[in-house]
Each structure stands twice: as C-alpha cells, then as structure tokens.
Amino acid sequence: MENIKRNDEGYLTDFSQWTKDVALEIAKEEEIEMTDRHWEVLTYLQDKYQKEEALSIRGIKKSGVISIKEFYNLFPGGPLKKSTKIAGIPKPKSCI
Amino acid sequence: MGKTKVKKMLFILSKATIDSVYAAFIMANGARMEGIDADIFFTFFGLEAIQKKKLAHLKQPTVGNPAMHMPTLLGGLPGMEALATKMMLKEMEKLDMPPVGEFLEILSDSGCGLYACKLAVDMFHLEEKDLIDDIDGVLTIGDFYNQADVDGTQIVFI
C-alpha cells in the first residue's frame, strides 16, 4: 500500500494502481466487508468512470445494477463517496 | 463521514415554489450522501410537494422576486409564470436534477424521513390518500422536535 498514490481524502490519484488488494485495504479502512454485490457495484462505477460519465445518485437509481436502498446498505455513511474511494476513482463532484 | 459536526438535518419546508422545494431536496439528499441523517417536515404550502395530484405541477413565481430581473407588471401577465417555470425546469434537467416525484423516491430510498404536518393537513382538508405513498407519517410540531434526538442536529426552515 506504501507505493499507492492517494490524495488527502484517501482517493487514488492514479487509477492504474488499483487492484483488488488495494480495494480490500481501503474497504477495511472504511469498515466495509466486501461481498460479490460490492464488487459488482465497483465494476459499474469504474465502467462509468472510464466512459467519462458523471456519477450521481440519480444515475445509481437508473443503473439497473443496484437500487438506492441497497446502495446505502452496502456502503453505509456516504455511499457514493465510499464506493468511489474503494473503486479507486475520483470522488464525484456533483451535488446530486 | 468527514470532519463535519453535523449529525442530523431537519428541514421544514413551508413553500411550494420550485426554488424552495429543490433547496430542501438537494440539501436533504446531500446530507444523506455525506452520511448525515435527514428528515423533511412538509407544512403549509410545502404540502403541495407531497400531494400526488400537485407535485408534478409546482411553479416558479415571477412576481415579488427582484432576482428574476423582471418588472412586477410584466411578471404578472398571463403565461409568464408558466414560461419561467418551464425555463427553470429545462436548466435543471440539463444538470441531471430529477423531477419532484423522482426526487421524492430518491430521498425516501436514501433513508430521508418524509413527514407531513398534522395541523396543515387538517387545515387543507387533506387525507392520507392525497399524499404520496412514501410518506413516513403525519406529525405534530412536537413530534417533529422529538426527531432532534442527537447532538449535532440542525433545524432549517425554508
């Protein structure tokens, strides 16, 4: 983990450094136990990031991957912030 | 959660103008997204935002708001309010802001409590069937204050 570049808030600054082990480490910091569903969400988020599509809670609702309720259950206490951090992508800037 | 000391936001929404309703919704949703608890208490005209038949038809008034940069007489002409409303909703759609009904679903799914004010419900002769299904209850103001049950609770009147 020492060689992984992260910003003040703990987000990766270089997505190419992301691995499943890195994700597991960050998840541990956030006190989240990863399940298959968590990984599915991360894949969705990373896919959106690579397509340069903005992330929002409305987008989650429309995603067809996960409902907002489950999203909050999987990543309690700030779902989009935490999931993007674990996914190794930047924190979304949107207010919605 | 970050460094914030805010743990819970209680919003009282007393108006049904688009700017007021979205201010409450965006702040409540923003709170939930940060891991902060949030409730909205709909009172007086704010109740229009949770009435099945009215929530999709909220308006942006063109009279009495200097920031509209429109002479009051002009703003009062027929159709001006509808035009201003249409323009505003179009701009909001560009920013991917959901319409009122969808926003209420998002808030409810996010765990934001949606409550109607008992006094206002009685005053406007509303029944439960007039309100959206996602409503968490009809409360007195005393009940609502009881929701402020943790340190770091803030109450905001809109």
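The values are calculated or read from the model by the stated rules, or taken from the named source; none is laboratory data. Just so it is clear, the structure is predicted and the values come from calculations on it, not from any experiment. Here the Cβ is made from the backbone with ideal geometry for all residues, glycine too, and neighbour counts use every protein chain on show. Note: areas computed on protein heavy atoms with side chains; ligands, DNA, RNA excluded. Shrake-Rupley method; radii C 1.70, N 1.55, O 1.52, S 1.80 Å.
Some notes on this structure:
- Which numbered condition residue A:65 fails, given (1) part of a helix (DSSP H, G or I); (2) touching a helix residue (DSSP H, G or I) at 6+ places or on another chain (Cβ under 9 Å); (3) more than 11 Å from every other protein chain (Cβ to nearest Cβ): (1)
- Among the residues of region A:76-96, those that are touching a Leu at 6+ places or on another chain (Cβ under 7 Å) and closer than 16 Å to residue A:19 by Cα comprise A:83, A:84, A:86, A:87, A:88, A:89.
- Residue A:54, sole failed condition from (1) away from every other protein chain (no Cβ under 13 Å); (2) assigned to a loop (DSSP other than H, G, I, E, B): (1)
- Boolean, residue A:90 is surrounded by 13 or more Cβ atoms within 10 Å (Cβ to Cβ), of a type outside the set (S, T, N, Q) and touching a residue at least 40 places away in the same chain (Cβ under 8 Å): yes
- Boolean, residue B:141 is touching a Leu at 6+ places or on another chain (Cβ under 7 Å), farther than 16 Å from residue B:21 by Cβ and of a type in the set (Val, Ile, Thr): no
- For region B:71-114, the set of residues classified as surrounded by 12 or more Cβ atoms within 10 Å (Cβ to Cβ), under 20 Å from residue A:60 (Cα atoms) and of a type in the set (D, E, K, R) consists of B:96, B:102, B:105, B:109, listed by residue number.
One line per residue, one yes/no per condition, for (1) away from chain A (no Cβ under 14 Å); (2) farther than 13 Å from residue B:103 by Cβ; (3) modelled with pLDDT under 90; (4) more than 13 Å from the chain's Cα centre (by Cα):
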position	(1), (2), (3), (4)
B:3	no, yes, yes, yes
B:32	no, no, no, yes
B:37	no, yes, no, yes
B:62	yes, yes, yes, yes
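This table checks each residue for (1) open to solvent by less than 50 Å² (accessible area, probe 1.4 Å); (2) touching a residue at least 60 places away in the same chain (Cβ under 8 Å); (3) at positive phi.
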position: A:9; (1), (2), (3): no, yes, no
position: A:30; (1), (2), (3): yes, no, no
position: A:33; (1), (2), (3): no, no, no
position: A:42; (1), (2), (3): yes, no, no
position: A:46; (1), (2), (3): yes, no, no
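- Here region B:125-134 is the region considered, the condition is being in contact with a strand residue (DSSP E or B) (Cβ under 9 Å, 6 or more places away or on another chain) and not charged (D, E, K, R), and the residue that is least open to solvent (accessible area, probe 1.4 Å) is B:131.
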